[in-house]
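S.K.: Take this structure first; my questions come after.
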Amino acid sequence: MSGLALQNVVKEFGAFRAVNDVDLTVPHGTFVCMLGPSGCGKTTLLRMIAGLDLPSAGAIRLDGEDITRVPTHKRNLGMVFQSLALFPHLTVGENIAYPLRIRGAPKEDQKKRVDELLSMIHLPGYADRPVSKLSGGQRQRVAIARALAISPKLFLLDEPLSALDAKLREAMQVELRQLQQQLGITTIVVTHDQREAMTMADTVVVMSGGEIRQAASPIEIYRRPADSFVADFIGQTNLIEAEADIQNHVTVLGQSVPGLQLPPDATKATISIRPEDVHLTAPGPGALTGTVTFVRDLGGTIETFVDVAGRQIVAVSTPRARPEVSVGQEIGVALTPDVCVVLRK
Ligand code: ATP
């Protein structure tokens, strides 16, 4: 297969297992974001792909070739890590040309490639500027161009945008994704920012405790999370316990929800419902009965907090779709089965 394949990859630091038996396939030309809380093993996995760390067990293949023990400089990689490590005493052009120069590329080829990359990163004419005179976003682009100078097979980035302010980061996410699509380069980015992952990735890999919890497209991860960890980690959700009796009549928070089904052999499950899928209605049959405890008007959206049998359920709506509610009011919370994702216990 062309692309990257990880097979049963393990990394142990002494008795501690930082990466546990990871299998992952990254088809050629796709963009993968590894996402997860601090310490879940994302960077360790990326470092093994980069050849900066050796796996304790398992294999890493690139375009069918076993590269598990191939040194970093022979893997044909482009890398951008959090500290950009641009050479401050060199110009923009000299920084970008550096990997070509140490490989002995002719001067004219270096210049041509630098000009090509500068136009790709929207900085044409910047070759002679000192990097010390660039803004944070411009430095970021130069670091990306330098990593791409050798036309790598694989492009690896670890939290590349985390030093930028929020607005610039969002703009750079779009730029990075567009550049990747233009070049068709297989790209893996480590991030802890779910919006960043949702913006850029073909496949989001959600990790926790050294393991992959789910690897799927952003929308699948959002709409069909594999478990309650993924459901809770990606976006906002309501996680509520459900129980089924012997005839598979389901109750949620002690109230019957007609039409909702648990897997045939399950008596308990967790239901995930996104706040935008919670429909507030008049109290009555077919809806859980609760009490409004708080209303947060954020301008573009309104969040309504409802207490149902001691559990808080959050509903989000746009101002126009908002029913008139006030704190203390009794209200119906309709859980239509098509928007409830049933997660096994
Ligand atoms: P963050 O988002 O905070 O960077 P991460 O998901 O990238 O977190 P890793 O850096 O991969 O996490 O670390 C995974 C676990 O392995 C952590 O518990 C970390 O303390 C441990 N770890 C990483 N490198 C080493 C090392 N060289 N020696 C011992 N433990 C390590």
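The values are calculated or read from the model by the stated rules, or taken from the named source; none is laboratory data. Every value quoted in this text rests on a predicted model; they were computed, and no experiment measured them. Cβ: placed from backbone, ideal geometry, glycine included. Neighbour counts: every protein chain shown. Heads up: the accessible areas ignore ligands, DNA and RNA and are worked out on the full protein's heavy atoms, side chains in. Shrake-Rupley method; radii C 1.70, N 1.55, O 1.52, S 1.80 Å.
S.K.: What share of all Cα pairs of the chain, in percent, falls into each consecutive 10 Å distance bin?
M.R.: Using 10 Å bins, I get a P(r) of 5, 21, 25, 20, 15, 9, 4, 1 for the chain.
S.K.: What nm distance separates the two modelled labels at E243 and D63, each placed 7 Å from Cα along Cα→Cβ?
M.R.: In this crude spin-label approximation the distance works out to 5.9 nm.
S.K.: Roughly how many debye, to the nearest 20, is the charge dipole of the chain about its Cα centre, given +1 on each Lys and Arg Cβ, -1 on each Asp and Glu Cβ, and no other charges?
M.R.: 1380 debye
S.K.: Percent of accessible area on the range 1-152 owned by carbon and sulfur, 1.4 Å probe?
M.R.: Using a 1.4 Å probe with all protein chains present, the range 1-152 comes out at 52 percent carbon and sulfur.
S.K.: Continuing with this model, one more query. Give the total of Lys-Lys pairs in the chain with Cα-Cα distances below 28 Å; include a pair only if its members are 8 or more places apart or on different chains.
M.R.: Lysine pairs satisfying the spacing and distance rule in the chain number 19.
S.K.: Leaving ligands, DNA and RNA out of it, report the carbon-plus-sulfur percent of the accessible area of the range 226-304 at a 1.4 Å probe.
M.R.: Percent of accessible area from carbon and sulfur atoms in the range 226-304: 54.
S.K.: In Å², what does the accessible area per residue of the range 4-229 work out to with a 1.4 Å probe?
M.R.: 46 Å²
S.K.: How much length would be gained if the chain were fully extended between T291 and N8, taking 0.36 nm per residue of separation minus their Cα-Cα distance, in nm to one decimal?
M.R.: Full-extension gain reported as 96.9 nm.
S.K.: How would you order 223-234, 172-183 from highest to lowest mean count of nearby Cβ atoms within 10 Å?
M.R.: Final packing ranking: 223-234, 172-183.
S.K.: Which of the helices in the chain, when you take each full DSSP H run, stretch at least 30 Å along the axis at their Cα atoms and have an average Kyte-Doolittle score of -1.0 or higher?
M.R.: Length and hydropathy pass: none found.
S.K.: Using a Förster distance of 51 Å, how high is the FRET efficiency between E324 and A171, based on the Cβ-Cβ distance and rounded to 0.05?
M.R.: Here the calculated transfer efficiency is 0.85.
S.K.: Moving on to the next point. If we sort 118-125, 191-198 on the protection proxy, mean other Cβ atoms within 10 Å, highest first, what's the order?
M.R.: Listed from highest to lowest mean packing, they are 191-198, 118-125.
S.K.: At q = 0.16, 0.19, 0.22 Å⁻¹, what log₁₀ I(q)/I(0) does a Debye calculation on the Cα points of the range 185-319 give, no solvent, two decimals?
M.R.: -0.96, -1.16, -1.31
S.K.: Starting from the Cα of S162, step 7 Å along the direction of its Cβ; do the same at L183; then give the gap between the two resulting points in nm.
M.R.: Each label point is offset 7 Å from its Cα along the Cβ direction, giving 2.2 nm.
S.K.: Now a separate question. Between T336 and S56, what is the label-to-label distance in nm when each label sits 7 Å out along the Cα-to-Cβ direction?
M.R.: Each label point is offset 7 Å from its Cα along the Cβ direction, giving 4.9 nm.
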